[in-house]
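Everything on this sheet refers to the single structure shown next.
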Amino acid sequence: MYRNARFWAWVNGGWVKLTLRGGDELTNGGGGPTEEGYWFWSTRWSHCGSYVLEELHIRSRDCDGPHEHHECYRAELEQLGANEAPDGTRVPAWSRSFAGQRDHTAEAAGY
C-alpha cells in the first residue's frame, strides 16, 4: 500500500492542497466560447503508486480550425514539496514526461 500523496497545486487562481490515495484521480477543468470559436482545458492528477502524474490538456477552435495541446508531468512522492513557488509555497518538483500538440487544419493541408 502506498502512502497518501499530499501537495499544493495552483487551481482556479489560488493554491489548493490536494490529497490523493493510491489509485485516486482528481480532475479540474474549464473553458467556453471565444470570439472565434471555443477553448477547453483540463488538468488531471493521478496517484500512480510511487509517483503522481499531472496531465494538462487544451482543446480549442478558432478561425484557423481545431487545435490540441497535451503535457504530462511526473513527481515522485518524495519530491511533492521539493520546489518553492515565488510566494514560498512548497510545490512538487515536476519533470515533463511528454508534450505534444496538433493543428488539425495544418495536418489536413499536409504540413
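The values are calculated or read from the model by the stated rules, or taken from the named source; none is laboratory data. Just so we're clear, the structure is a prediction, and the values are computed from it rather than from any experiment. We place every Cβ from the backbone using ideal geometry, glycine too, and count neighbours over all the protein chains shown.
Worth a mention:
- Checking Asn12 against (1) over 11 Å from the mean Cα position of the chain (by Cα); (2) within 24 Å of Leu77 (Cβ to Cβ), the condition it does not meet: (2)
- From the list Arg74, Arg61, the lone residue that is buried (at least 16 other Cβ atoms within 10 Å of the Cβ), basic (Lys, Arg) and modelled with pLDDT under 95 is Arg61.
- Condition check for Thr34: β-branched (Val, Ile, Thr), closer than 18 Å to Ala9 by Cα, in contact (Cβ under 8 Å) with a residue 12 or more places away in the chain and in contact with a strand residue (DSSP E or B) (Cβ under 9 Å, 6 or more places away or on another chain): no
- Gly110 vs. criteria surrounded by 15 or more Cβ atoms within 10 Å (Cβ to Cβ), farther than 14 Å from Ala9 by Cα and modelled with pLDDT under 90: no
- Among the residues making up region 57-68, those that are over 12 Å from the mean Cα position of the chain (by Cα), part of a strand (DSSP E or B) and at negative phi are Arg59, Ser60, Arg61, Asp62, Pro66, His67, Glu68.
- Per-region count, region 15-53, residues among the small types (Gly, Ala, Ser), under 20 Å from Leu80 (Cα atoms) and over 12 Å from the mean Cα position of the chain (by Cα): 4
- The condition of being touching a helix residue (DSSP H, G or I) at 6+ places or on another chain (Cβ under 7 Å), among the charged types (D, E, K, R) and at pLDDT below 95 does not hold for Asp103.
- Filter result for Glu78 (more than 24 Å from Gly37 (Cα to Cα), among the acidic types (Asp, Glu) and part of a helix (DSSP H, G or I)): yes
- When region 94-107 is filtered for residues that are exposed (fewer than 15 other Cβ atoms within 10 Å of the Cβ) and not polar (S, T, N, Q), the ones remaining, listed by number, are Arg96, Phe98, Ala99, Gly100, Arg102, His104, Ala106, Glu107.
- Any hit, region 83-90, residues being in contact with a helix residue (DSSP H, G or I) (Cβ under 9 Å, 6 or more places away or on another chain) and either touching a residue at least 60 places away in the same chain (Cβ under 8 Å) or loosely packed, with under 14 Cβ neighbours inside 10 Å (or both): no
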